[in-house]
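Please treat every number below as a calculation from the coordinates, not as lab data. All of these numbers come straight from a predicted model, not from anything done at the bench. Glycine also receives a Cβ, built like all others from the backbone with ideal geometry; neighbour counts cover every protein chain displayed.
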């Protein structure tokens, strides 16, 4: 009988390991951000907020500090006039 030897790692295995390590690193960084800002909401909400903040290029630290509080007055991203389509009555 042939002895079972370990086969050489393939590119697919390396890419899978890279994805796992990247996911673990992102999770760790998100938990650290939650710790720094004393986040009291769920991790899912934190992930969603950070994902949207990255797309909109918002200041993440300031957003996490103000999220869920009544103070601080937000800024409006649109005006009521933008809600209407011109030419339609």
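What is the extension gain from residue 53 to residue 23, computed as 0.36 nm multiplied by their sequence separation minus the C-alpha to C-alpha distance, in nm to one decimal?
Values: separation 30, 0.36 × 30 = 10.80 nm, distance 1.88 nm.
8.9 nm is the gain from fully extending residue 53 to residue 23.
Return the FRET efficiency for the residue pair residue 12, residue 65: r is the Cβ-Cβ distance, R0 is 41 Å, and the value is rounded to the nearest 0.05. Show your work: numbers first, answer last.
On the way: r = 42 Å, r/R0 = 1.03.
Taking R0 as 41 Å, the efficiency between residue 12 and residue 65 is 0.45.
Average the reciprocal distances over every distinct pair of alpha-carbons in region 12-66, invert the result, and give the Kirkwood radius in Å.
Details: mean 1/r = 0.0817 Å⁻¹.
Roughly 12.2 Å, rounded to one decimal.
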